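Visitor: The following block contains the structure, expressed as structure tokens.
The values are calculated or read from the model by the stated rules, or taken from the named source; none is laboratory data. Because the structure is predicted, anything quoted here is derived from the model rather than measured. Here the Cβ positions follow ideal geometry from the backbone for every residue, glycine too, while neighbour counts run over all protein chains shown.
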Amino acid sequence: MNILTNPKKLRGFEKHIKIENVSRRSILKTLGLAGGFVLAAPVMMRPSFAYETGAGKMPHGVVVDPRVFVSIAPDGMVTIIAHRSEMGTGVRTSLPLIVAEELEADWSRVHVQQAHGDEAKFGNQDTDGSRSTRHYLIPMRQIGASARTMLEQAAAKRWGVPAGEVKAANHEVVHSASGRKLGFGELAADAAKESVPSIEGLKLKNPKDFRYLGKGEISIVDLHDITTGAAHYGGDARLPGMKYAVIARPPVTGGKLVSFDGAEAMKVSGVEKVMEVKGWPWPSKFQPLGGVAVIARNTGAAIKGCNALKVTWDDGANAKYDSVAYRTELEEAARKPGLVVRKDGDAEAALKSADKVIIGEYYLPHFAHASMEPPVAVANVKGDKAEVWAPVQSPGGTREDVAKTLGIPEENVTVNVTLLGGGFGRKSKCDFALEAVLLSKELGVPVKVQWTREDDVRHDFLHTVSVERIEAGLDKNGKVIAWRHRSVAPSIASTFAAGTVHQAPFELGMGLIDNPFEIANLQCENPEAAAHTRIGWFRSVSNIPRAFAVQSMVAEIAHATNRDPKDMLLELIGSPRIVNLSSVKDPWNYGEPYDSYPIDTARLRKVVELVADKGGWGRSVPKGHGLGIAVHRSFVSYIATIIEVAVDDKGKLTVPRVDTAIDCGTYVNPERIQSQIEGAAIMGLSLAKYGEVTFKDGKVQQGNFDDYQVIRIDESPAVTNVYIVPPASPDTPPSGVGEPGVPPFAPALINAIFAATGKRLRAMPIGKQLEA
Amino acid sequence: MVKLKINGQEQNWDGDPDLPLLWFIRDEIGLTGTKFGCGQALCGSCTVIIDKQAVRACITSVSDAAGREVTTIEGLHPTGDHPVQKAWRQVNVPQCGYCQAGQIMQAAALLADNPKPSHDQIREAMSGNICRCGCYQRIENAVHLASTGV
């Protein structure tokens, strides 16, 4: 029984979390509960736009109101609100830049102000799912155009001329017939009195007149502050009387505190108090795990005190979780039939009649996010009011959860969003902010809760662990006639609903049921898997294991049939077409309408062909080197990667070159797209080479960057080249950038290693496998 | 009582002499540009310069810094225009930015010691500083740019 078939459990699930990466409304609709969902803000997509997005289906939808997002001071300074969280993608710059573009504001006279958490006011703020540009390109243009129109109307009135005769340009409104001009600052007060124009009648700029959008010439707004140490992250808020807390949490997920002895901790210089922190029973959703907090005058004393604690835990139901045994469990499940989640033709029969069957079984372990800034938050609770400073991807959800946890109204909670020192999905969960709130309430003073790196790795909402098994049936000509993909992995939903054993549609829709291959008999199955730790969203989510398996399999088939891997890939993708997903009950499609965001194999083919051309596919490489290729559609973008590896005779792996082509539709800032793809290569290499969190006796065995390694500069690819496909038209819908770069990396790397060495690796991480 | 200088200012500490310098700088002095990343000298986020050497403030105690000159990111240049900082901006290095203060301090120490580092020397000197966003290609380019004149 899972959340999708048990409405009772779903209600609990639904009530307590903000489930990002999935349309809550669509799940509810399936169950006839849509009346319980309130869209607080109107969804205003201009009907004449060529496409719709799923923005309106997100919690609290979209707010298109210039009075909420734009203010202009008498001196002309324009302030634009950034309502999404900045974790490195550049969104705090790009969304306000869209507004400035349409507003005709001069970017050098624009100040960006971060919104606090308030979705009724700003619309959805969940910064995840590679959604910000895709959902807000149109609304931000409309906001800018509305504000511009109001300024023009105010100027026309002042001059007594028809509004059609005036035009805003570069921070002023001009009446060219008379040569009169008024600066935005001079018009601000009058413009504020104008009524907000209707969205339908708005005149948006012709994209050919864009000064900023699509150019990539504007640096991020925080650049100077970042280079001088003035940029503020989660741990940088300082309040008078603030105390510093570090918490010992149950070492096994679902465990709880039995007793503690804080005597030694209290002896540490600077430690002031040792106290229990409330925890929630498993599955604990986004709530704190509980434990023992050490309160001190500085973080160093709190850490030292925490290390001196003597704590007895009840390990609970997950005390036997063991990664070695669990892998065997997953493999056994993958070898038996499971819940059928897509069925085209008859794969079972076709596999039986096939001339040859190739089987690949791929394993990917848990990953920890390990953002450079470990979870941290400051809270100040006074009576029935709370203020929080935190690096959260979900400011609105954090506000709701703080209110619920303290039992106070949401309007009494202020969530100040700092910069995030990396997020990658970890900071969509606000448990660390809730800990700070609980402690501040009890102590009556502001409290900062700092997670250590060990806390971060050992109490993460980990990326799932999975076995992906693919069976491909070939006819006597080597043509693939059958494809059966079984994906077994604990679901993110298990963190919210006990007893979850199947993947949710938003997980199945990441590279499993949305398989784009033109194969007549294609079946996808999802055998059962129970979770024994907190599973959460990790950048790219289930696309990582799915792309790894599918794209490895393509190269395996190419090898078995003596074909070029790129040719094999194009053959499997098949003819340029819109993939028909009619056999899939809930195609999910990243929450986007299929009409606007179909699986278009012409675009998939195009990125393969582009990267092959630019990346020199088939070029001759030195001995010990090899080229690998992979393509994947995720977050409704298309992306293909070619990697050159070198493996020396001792098995040492280096990456001389990476080439990636991305088609993300209409884009705002190509310079930040490039940086995201460069970064995705590093993260992809980190995961492939080292990424693994393992459990023994229910406890995570890693803790810091010595045993949970990530790529450093001396082993990073020598060069990563990025090619961005220009949008087919200005009406091409924008699609994701933050996440799509990661999934194709590992399979391209593994395929390159095969080309270099003849070794086919099917389990991640690579670790010492090449040294054998 | 431990006496030390941070960014030219005299500071005193009469608490635990073993307190890591990082927490003295951040929590006691209130200079928050220096970041916490690992606490074990594994990531370089907390890098500061002590008497021209790049050190990890998370494992350096306040007493280790007694009588010495500590420079944090805030003190690297009065207007933030050290050649490394300028190069960082020119190359648009940062993504989330959290590790960058440590990266910049490490790069500044490298160039003070070796004004024209080679590709391999840059990679070696910067290999103690982790960037999870993966800005390495640009870090290398920025250090190179700073070494050749911004």
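A quick yes/no check of all residues on (1) surrounded by fewer than 18 Cβ atoms within 10 Å (Cβ to Cβ); (2) outside any helix (DSSP H, G or I):
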site	(1), (2)
A:675	no, no
A:707	yes, yes
A:722	no, yes
A:730	yes, yes
A:736	no, yes
A:746	no, no
A:755	no, no
A:765	no, yes
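Visitor: Now for a different question. Is at least one residue of the range A:393-401 among the acidic types (Asp, Glu), part of a strand (DSSP E or B) and farther than 30 Å from residue A:511 by Cα?
Guide: There is no residue in the range A:393-401 that is among the acidic types (Asp, Glu), part of a strand (DSSP E or B) and farther than 30 Å from residue A:511 by Cα.
Visitor: Out of all the residues in the range B:3-21, which are closer than 17 Å to residue B:59 by Cβ and surrounded by fewer than 19 Cβ atoms within 10 Å (Cβ to Cβ)?
Guide: B:17, B:18, listed by residue number.
Visitor: Quick one: in the range A:59-70, which of the residues that are in a loop (DSSP other than H, G, I, E, B) and either among the charged types (D, E, K, R) or touching a Lys or Arg at 6+ places or on another chain (Cβ under 8 Å) (or both) is farthest from residue A:197 (Cα to Cα)?
Guide: A:59
Visitor: How many residues does the range A:212-247 contain that are within 25 Å of the chain's Cα centre (by Cα), over 27 Å from residue A:670 (Cβ atoms) and part of a loop (DSSP other than H, G, I, E, B)?
Guide: Residues that pass the stated criteria total 1.
Visitor: Tell me which residues, restricted to the range B:62-76, are of a type outside the set (Gly, Ala, Ser), over 16 Å from residue B:33 (Cβ atoms) and either at the interface with chain A (Cβ under 9 Å from one of its Cβ atoms) or buried (at least 20 other Cβ atoms within 10 Å of the Cβ) (or both).
Guide: If the condition is that a residue be of a type outside the set (Gly, Ala, Ser), over 16 Å from residue B:33 (Cβ atoms) and either at the interface with chain A (Cβ under 9 Å from one of its Cβ atoms) or buried (at least 20 other Cβ atoms within 10 Å of the Cβ) (or both), then B:62 is the only one that fits.
Visitor: Identify, please: which residue in the range B:77-108 is touching a helix residue (DSSP H, G or I) at 6+ places or on another chain (Cβ under 8 Å) and either without any contact (Cβ under 8 Å) to a residue 12 or more places away in the chain or among the hydroxyl-bearing types (Ser, Thr, Tyr) (or both) and is, among those, surrounded by the most Cβ atoms within 10 Å (Cβ to Cβ)?
Guide: B:97
Visitor: Just need a number here: residues in the range B:119-134 that are more than 7 Å from every other protein chain (Cβ to nearest Cβ), outside any helix (DSSP H, G or I) and out of contact with any Lys or Arg (no Cβ under 9 Å at 6 or more places or on another chain).
Guide: The number of residues fulfilling the criteria is 0.
Visitor: I'd like the residue in the range A:271-285 that is at pLDDT 95 or above and hydrophobic (A, V, I, L, M, F, W, C) and, out of all such residues, is nearest to residue A:462 (Cα to Cα).
Guide: A:280
Visitor: Do you know which residues across the range B:53-74 are out of contact with any strand residue (DSSP E or B) (no Cβ under 7 Å at 6 or more places or on another chain) and either assigned to a strand (DSSP E or B) or not hydrophobic (A, V, I, L, M, F, W, C) (or both)?
Guide: Selection gives B:53, B:64, B:74.
Visitor: On to the next question. Given the structure, is residue A:679 facing chain B (nearest Cβ under 10 Å), small (Gly, Ala, Ser) and in contact with a Cys (Cβ under 8 Å, 6 or more places away or on another chain)? Talk me through it step by step, then tell me what you get.
Guide: Numbers: facing chain B (nearest Cβ under 10 Å): yes; small (Gly, Ala, Ser): yes; in contact with a Cys (Cβ under 8 Å, 6 or more places away or on another chain): yes.
Here the answer is yes, as residue A:679 does meet what is asked.
Visitor: Applying the selection to the range B:77-106, what residues are within 30 Å of residue A:737 (Cα to Cα), assigned to a helix (DSSP H, G or I) and more than 7 Å from every other protein chain (Cβ to nearest Cβ)?
Guide: Within the range B:77-106, B:84, B:86, B:87, B:90, B:102, B:103 meet the criteria.
Visitor: Only one residue in A:74, A:47, A:42, A:66 is surrounded by fewer than 17 Cβ atoms within 10 Å (Cβ to Cβ), modelled with pLDDT of 95 or more and not acidic (Asp, Glu), so which one is that?
Guide: Just one listed residue meets the conditions, A:74.
Visitor: Which condition from (1) outside the structural domain of residue A:397 (by TED's automatic domain parsing); (2) within 18 Å of residue A:261 (Cα to Cα) is the one that residue A:351 breaks?
Guide: Tallying (1) outside the structural domain of residue A:397 (by TED's automatic domain parsing); (2) within 18 Å of residue A:261 (Cα to Cα), residue A:351 fails exactly one: (2).
Visitor: Give me the residue from the range A:682-693 that is assigned to a loop (DSSP other than H, G, I, E, B) and of a type outside the set (Ser, Thr, Tyr) and, out of that set, farthest from the other protein chains (Cβ to nearest Cβ).
Guide: Taking the range A:682-693 first, the residues assigned to a loop (DSSP other than H, G, I, E, B) are A:690-692.
Pick out the ones that are also of a type outside the set (Ser, Thr, Tyr) and you get A:691-692.
Details: A:691: 12, A:692: 16 Å.
Out of the qualifying residues, it is A:692.
Visitor: Answer yes if at least one residue in the range A:435-450 is closer than 26 Å to residue A:130 by Cβ and in contact with a strand residue (DSSP E or B) (Cβ under 9 Å, 6 or more places away or on another chain), and no otherwise.
Guide: Checked the range A:435-450: no residue is closer than 26 Å to residue A:130 by Cβ and in contact with a strand residue (DSSP E or B) (Cβ under 9 Å, 6 or more places away or on another chain).
One line per residue, one yes/no per condition, for (1) more than 18 Å from residue A:565 (Cβ to Cβ); (2) surrounded by fewer than 24 Cβ atoms within 10 Å (Cβ to Cβ); (3) touching a residue at least 12 places away in the same chain (Cβ under 8 Å):
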position: A:498; (1), (2), (3): yes, yes, yes
position: A:507; (1), (2), (3): yes, no, yes
position: A:513; (1), (2), (3): yes, no, yes
position: A:523; (1), (2), (3): yes, no, yes
position: A:529; (1), (2), (3): yes, no, yes
position: A:540; (1), (2), (3): yes, no, yes
position: A:547; (1), (2), (3): no, no, yes
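Visitor: Now for a separate question. Residue check, residue A:307 against (1) touching a Lys or Arg at 6+ places or on another chain (Cβ under 9 Å); (2) under 19 Å from residue A:459 (Cα atoms), all met but one. Which one?
Guide: Condition (1) is where residue A:307 drops out.
Visitor: Then there is this: If you scan the range A:352-401, which residues turn out to be β-branched (Val, Ile, Thr) and surrounded by fewer than 23 Cβ atoms within 10 Å (Cβ to Cβ)?
Guide: Residues satisfying the conditions are A:357, A:358, A:359.
Visitor: Here is a further query. Tell me which residues, restricted to the range B:135-149, are within 12 Å of chain A (Cβ to nearest Cβ) and out of contact with any strand residue (DSSP E or B) (no Cβ under 8 Å at 6 or more places or on another chain).
Guide: B:135, B:136, B:138, B:139, B:140, B:141, B:142, B:143, B:146
Visitor: Please go through the range A:709-720 and pick out each residue that is in a loop (DSSP other than H, G, I, E, B) and within 8 Å of chain B (Cβ to nearest Cβ).
Guide: Once the filter is applied, which keeps residues that are in a loop (DSSP other than H, G, I, E, B) and within 8 Å of chain B (Cβ to nearest Cβ), the range A:709-720 yields A:710, A:711, A:712, A:716, A:717, A:719.
Visitor: Can you find a residue that is charged (D, E, K, R), closer than 19 Å to residue A:549 by Cβ, within 23 Å of the chain's Cα centre (by Cα) and not assigned by TED's automatic domain parsing to the domain that holds residue A:302 anywhere in the range A:479-493?
Guide: no
Visitor: So which residues in the range A:430-468 are part of a helix (DSSP H, G or I) and either at pLDDT below 95 or farther than 26 Å from residue A:381 by Cα (or both)?
Guide: Result: A:453, A:454, A:457, A:458.
Visitor: Consider residue B:22 against the criteria (1) more than 12 Å from the chain's Cα centre (by Cα); (2) of a type in the set (A, V, I, L, M, F, W, C); (3) facing chain A (nearest Cβ under 10 Å): it satisfies all of them except one. Which criterion is unmet?
Guide: (1) is the only condition that residue B:22 fails.
Visitor: Among strands (runs of 3 or more DSSP E) lying entirely in the range A:248-342, which contain 1 or more residues that are over 19 Å from residue A:377 (Cα atoms) and outside the structural domain of residue A:695 (by TED's automatic domain parsing)? Walk me through how you get there before you give the answer.
Guide: On the way: elements: A:256-261, A:271-277, A:291-296, A:310-314.
Counting at least 1 such residues, we get A:256-261, A:271-277, A:310-314.
Visitor: List the residue pairs whose Cβ atoms are under 8 Å apart, where the first residue sits in the range A:243-254 and is in contact (Cβ under 8 Å) with a residue 24 or more places away in the chain and within 14 Å of chain B (Cβ to nearest Cβ), the second is of a type in the set (Ser, Thr, Tyr) and buried (at least 24 other Cβ atoms within 10 Å of the Cβ), and the two are 6 or more positions apart or on different chains.
Guide: A:244/A:299; A:246/A:299
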